[in-house]
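The values are calculated or read from the model by the stated rules, or taken from the named source; none is laboratory data. Computed from a predicted model, the values in this text were never measured in an experiment. Neighbour counts are summed over all protein chains in view; Cβ atoms, including those assigned to glycine, are modelled from backbone coordinates with ideal geometry. Heads up: the accessible areas ignore ligands, DNA and RNA and are worked out on the full protein's heavy atoms, side chains in. Shrake-Rupley method; radii C 1.70, N 1.55, O 1.52, S 1.80 Å.
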Amino acid sequence: MPAADAMTAPGFCRDCFLPLAGQEKRCRTCGSPRLLRHPELDQLSIAHIDCDAFYAAVEKRDRPELADKPVIVGGGTRGVVSTACYVARIHGVRSAMPMFKALKLCPHAVVIKPDMAKYAAAGQVVRALMQDVTPLVEPLSIDEAFLDLRGTQRLHGMSPALTLARLVARISSEVGITASVGLSHNKFLAKLASDLEKPRGFSVLGRSETLSFLASRPVGFIWGVGKSTQEELARDGITSIGQIQQMEKPDLLRRYGSMGTRLYHLARGEDRRTVSTDDQVKSISAETTFDTDIRDLAELERILWPLSEKVSRRAKSDGMAGHTVVLKLKTSDFRLRTRSVSLADPTLLAARIYDAALPLLRRETGRTAFRLIGIGISSLVPAIPTQETETLDVTAAARAKAELAVDQIREKFGRAAVARGIGFDQDDRPASGYDLLSTQGKWYGRGTS
């Protein structure tokens, strides 16, 4: 957008929300330089909101003394960075970076272990504030979502853009964190826009500028174009979106199959996806990163059991069961291995999840040492209360009933009241402890689970 057009476009102050009167560079009412102008500002209604360095922002909110310090949220020295605040990012720290590398880049950083319960609580408040302005909210994660604000102008008495500005102000005042906004005419462009001016950004991409904005961007800006696709395109001499804009759809389809169709449309800023309120979980999983690499099968099996229980607890809480059990392993050189098995019937029981994953784990262990293990269920369906107990397999039915009985005991006395023997070291339990239960420190006889 030419500078002259920008200075005469409709707009408002992002701090006091009053309309702009002319070509001022600061708000004439409150003096803020945070002014928003765009020729299509009142015509766009698809937004993407993303909280800024969410985990780190919540930690800084609760510990004000960390406000100007580099903060990294993540595991120990063997873990990875979950989130780095913007002060740490100045030093080159990025999400998913190995912790040892992050601390080399920023040795004076404050490292905080993730507190997922606290982040989930903050995320729920953010989600509720979003739903206050429109029922069409499509969550992407705990701290970001698409919003469709079409038709809300009459409800709120203001444009979608102004509604969004007031929304992020509420997030700041009521949750104590900041968020960035992307506003455009479809989801693809709204997501791109929200990343342009972080933190506390508000970027607008109109229809008239879509092609020119995309043309100079690298092909990696296109949703779904990962490293391998970028390499394939580069071998054909294609590195910018502008080059794709010059190609015909049949040529792209012939060269790249179904990906060619996506390339053709997204390179032109065309995205027909709607904002969907169906936020059903697609999978349930749990994982852990070790302080030192582990290759011993017995030790990996012991670690796998509490992870299976964690997945089971979430599945039971969500009322979901999975047709597929997925095992995740990461080697010491960060190579990821994912193995899965399909079940005849969906499950939400820890024992079945664990038992299904064991053969997968045993096939992978031997010479390889692992730094991470995870387990999960996918292909989720709503759980039927009796589906795990009403079965022709008498043994399986008994085990299911035993596990559900244990759940009831834990609900009454706490999670530590009952533990399955597989979760203990060999020296801490009887030789037959796999099927034994320990209740408040006392061993009981062999059960059916």
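Work out, step by step, the length gained on full extension between residue 155 and residue 25: first 0.36 nm times the residue separation, then minus their alpha carbon distance; give nm to one decimal.
43.7 nm
With all protein chains present, how much of the accessible area of the stretch 227-339 (probe radius 1.4 Å) comes from carbon and sulfur, to the nearest whole percent?
Of all accessible area on the stretch 227-339, carbon and sulfur atoms account for 44 percent.
Give me the one-decimal nm value for the distance between modelled label points at residue 173 and residue 207, 7 Å along each residue's Cα-to-Cβ direction.
Placing both labels 7 Å along Cα→Cβ, they lie 3.5 nm apart.
Quick one: what are the phi-derived ³J(HN,Hα) couplings along the stretch 310-325, Karplus 6.51/-1.76/1.60 with θ = phi - 60°, whole Hz, x for glycine and proline?
Whole-Hz 3J(HN,Hα) from phi for the stretch 310-325: 5, 4, 4, 4, 5, 4, 5, 5, 7, x, 10, 10, x, 7, 10, 9.
Would you calculate the separation in nanometres between label points at residue 344 and residue 121, each defined as 7 Å from the Cα along the Cα-to-beta-carbon direction?
Reported label-point gap for residue 344 and residue 121 is 4.5 nm.
Just report the Cα centroid separation between the stretch 122-191 and the stretch 338-368, whole Å.
If you average the Cα positions of each part, the centres end up 40 Å apart.
Calculate, for residue 216 and residue 355, the FRET efficiency according to 1/(1 + (r/R0)^6) with r their C-beta to C-beta distance and R0 56 Å; round to the nearest 0.05.
According to the calculation, E is roughly 0.55.
Can you give me the accessible area per residue for the stretch 25-164, using a 1.4 Å probe, in Å²?
I get 47 Å² per residue for the stretch 25-164.
Could you work out how much longer the chain between residue 113 and residue 299 gets when fully extended? Use 0.36 nm per residue separation minus the Cα distance between them, nm to one decimal.
Going from the current span to full extension adds 64.6 nm.
Between residue 337 and residue 101, what is the label-point separation in nm under the 7 Å Cα-to-beta-carbon projection?
Going from the residue 101 label point to the residue 337 one covers 2.2 nm.
So how much slack lies between residue 198 and residue 68, counting 0.36 nm per residue of separation and subtracting their Cα-Cα distance, in nm?
Values: separation 130, 0.36 × 130 = 46.80 nm, distance 1.68 nm.
Result: 45.1 nm gained on full extension.
Magnitude of the Cβ-charge dipole of the stretch 162-264, K/R +1 and D/E -1, about the Cα centre, nearest 20 debye?
Dipole of the stretch 162-264, to the nearest 20 debye: 240 debye.
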